[in-house]
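A.B. asks: Pasting in a structure now, in structure tokens, and then I'll have a few things to ask.
The values are calculated or read from the model by the stated rules, or taken from the named source; none is laboratory data. In this text, all values refer to a predicted model and were calculated from it rather than measured experimentally. Here the Cβ positions follow ideal geometry from the backbone for every residue, glycine too, while neighbour counts run over all protein chains shown.
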Amino acid sequence: MSTAVALEEATPAGEGAAKGGRKKLLVIALPVLLVLVAGGLWFSGVLPRMLGLAHEQPHGAQHENAPPAAPIYVEVPELVANLNGNPRRPAYIKVKPRLEVAKQEDVARVQTAMPRLLDMFQTFLRETRPEELRGSAGIHRLREELISRANIAVPGGGVTDVLFTEMLIQ
């Protein structure tokens, strides 16, 4: 008789443990699942749009199918400068840059500011050491410095890139 009572008592406790395990699983898994779904919606861009947090494109913005606008270039006179280095063995740079501007109106601004632009470029080049121009990383740093100086020299900025049509370092 004691064995039958022991089996009856063990059975309900076993079922209760199984139900408790399912509850724990739901309590843990449901929030994790909700976080994963919300994260997926957020990073796919659906949730920000639903919440009104997405950046709206202006009405005049280009569509993906529209071809990009043709770049506008401004010629800069050839620059020759001696580099800051060993005085016993001078090094020179000869560069012919071309400026890319964002809008047609920026061409007139760049032309008006050309003397200031040339002065800033010459001053920077004279302070540059020959070892700073070595390799593609050196040329990239030179390009970035000239872009920043061009945007300082030209009122209202508008210079998006500096292209080198000719460069000689001697």
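A.B. asks: Could we say that Leu146 is surrounded by fewer than 16 Cβ atoms within 10 Å (Cβ to Cβ) and either under 23 Å from the mean Cα position of the chain (by Cα) or over 25 Å from Asn82 (Cα atoms) (or both) here? Don't jump to the end; show me each part of the working.
C.D. replies: On the way: surrounded by fewer than 16 Cβ atoms within 10 Å (Cβ to Cβ): no; either under 23 Å from the mean Cα position of the chain (by Cα) or over 25 Å from Asn82 (Cα atoms) (or both): yes.
Criteria not met by Leu146.
A.B. asks: Among what's in the range 89-102 and is modelled with pLDDT of 90 or more and in contact with a Gly (Cβ under 7 Å, 6 or more places away or on another chain), pick the residue that is surrounded by the fewest Cβ atoms within 10 Å (Cβ to Cβ).
C.D. replies: By that ranking, first place goes to Ala91.
A.B. asks: Next question. Mind listing just one residue for me: the one in the range 103-138 that is more than 19 Å from Val74 (Cβ to Cβ) and surrounded by 15 or more Cβ atoms within 10 Å (Cβ to Cβ) and, of those, farthest from the chain's Cα centre (by Cα)?
C.D. replies: Our first condition is that a residue be more than 19 Å from Val74 (Cβ to Cβ); within the range 103-138, this holds for 123, 126-138.
Applying the additional criterion that residues be surrounded by 15 or more Cβ atoms within 10 Å (Cβ to Cβ) yields 128, 130, 132-133, 138.
Details: Thr128: 26, Pro130: 29, Glu132: 24, Leu133: 24, Gly138: 20 Å.
Among those residues, the one meeting the criterion is Pro130.
A.B. asks: On to the next question. Only residues in the range 156-167 that are among the charged types (D, E, K, R) count as the first member; pair them with residues that are part of a loop (DSSP other than H, G, I, E, B), Cβ under 8 angstrom, at least 6 apart or cross-chain, and list the lot.
C.D. replies: Sorted first by the residue in the range 156-167, then by its partner, the pairs are Glu166/Glu78.
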